[in-house]
Amino acid sequence: MPSLLNLFFMIFFLLESIVAILGNGFIIVGLGREWVRCWTLPPGDMILASLGISRFFLHCAAVLNNFYNYFSSNNRSVYFIIFWSFSNVTTFWFTTWLAVFYCVKISSFTHPIFLWLKWRISRCVPWLLLCSLLISNLIFIPSVVKTYLVLYLPVTGNYSEKTTLDDITWAFQRHIFKPLQIFILLIPYLFFLVSTILLISSLCRHLGNMQQHSTGPQDQSMQVHITTLKSLFFFLILYTSYVLPLIIALTAPISVCSFWFWVWQVVIYAGISIHPALLILNTSKLRRALKKMLHDPETA
């Protein structure tokens, strides 16, 4: 029976995950209906829909894995871990491509590389999403190997044979799987960081020029730039608050029975649980769909 503190953070984590699942589900349904109606989606919406799908399954896998691990003593939760690992890597890459896409489209840099990317990026989006799925297999395949080592290698025999199997599993986990997992997560995060910083820098410079040449009160365009900057700063903080605790948790795992495990889970998923709501409010199609649903649920 969990302690009161454990129970509190378990419930908090569950509610946090439900909010994220509902938010991402709304993004999937909203953009899915748009795709069914037009049989196409703009590149930015395509990335947004992919991100919504990956995060939806990420939160589902996290809930199933954490609670199954807590209430069950067998190793079958590794199936959820495989699913979680794949969804997690795709979430990292789709978030990165969203940042890269808006950086290239919105920034005012005049370097030839940026101009070339600005012209090409929209046509490259489907291929970038496909590459993200292929890269995610670099985690999926080792996860399957680890599952095989844990569940399907024979464990009958004497003590030394069992010890050897445990050593193989531990060595694979420590020297291959975890370093590969961290490496694959850090690469998209660095791309995201560079893209977001470049976009913030471009917007700050453009906003400075607007303020310098403005003689009256702030116009609508300036307000839009200020709102965009605030959203980017918040996005950067939310994503970083997911990445850093997650990498720490991967390098120093905590027992699922520990009180600190559930505190850590709440911290890890807090940022990406809030982010779907921000995406809905900042995307005109989703914002209109939300207003329509709230004012006229029967026709939504």
Scope segment 250-300; condition assigned to a loop (DSSP other than H, G, I, E, B) and under 19 Å from the mean Cα position of the chain (by Cα); matching residues
T283
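Residue-by-condition table, conditions (1) buried (at least 18 other Cβ atoms within 10 Å of the Cβ); (2) under 25 Å from S72 (Cα atoms):
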position: T240; (1), (2): no, no
position: T251; (1), (2): no, yes
position: Y269; (1), (2): yes, yes
position: S273; (1), (2): yes, no
position: A277; (1), (2): no, no
Would you mind stating whether S201 is out of contact with any helix residue (DSSP H, G or I) (no Cβ under 8 Å at 6 or more places or on another chain), assigned to a helix (DSSP H, G or I), modelled with pLDDT of 85 or more and over 30 Å from F13 (Cα atoms)?
yes
Among the residues of segment 144-152, is any more than 28 Å from S241 (Cα to Cα), at pLDDT below 80 and part of a loop (DSSP other than H, G, I, E, B)?
yes
Taking only pairs six or more apart or across chains, which ones have beta-carbon atoms under 6 Å, a first residue in segment 57-80 that is over 22 Å from F177 (Cα atoms), and a second residue that is surrounded by fewer than 16 Cβ atoms within 10 Å (Cβ to Cβ) and among the acidic types (D, E)?
none
Quick one: which of V224, V263 is under 27 Å from T96 (Cα atoms) and either touching a Phe, Trp or Tyr at 6+ places or on another chain (Cβ under 8 Å) or at pLDDT 80 or above (or both)?
V263
Result of the Cβ filter at 7 Å on segment 100-124, keeping first residues that are in a helix (DSSP H, G or I) and partners that are among the small types (G, A, S) and surrounded by 14 or more Cβ atoms within 10 Å (Cβ to Cβ), at least 6 apart or interchain, is V100/S195; F101/G44; C103/S195; F114/S107
Qualifying positions in segment 104-117 - more than 24 Å from the chain's Cα centre (by Cα) and exposed (fewer than 15 other Cβ atoms within 10 Å of the Cβ):
S108, T110, H111, P112, I113, L115, W116
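The values are calculated or read from the model by the stated rules, or taken from the named source; none is laboratory data. Note that the structure is a prediction, hence the values are computed from the model and not measured. Glycine also receives a Cβ, built like all others from the backbone with ideal geometry; neighbour counts cover every protein chain displayed.
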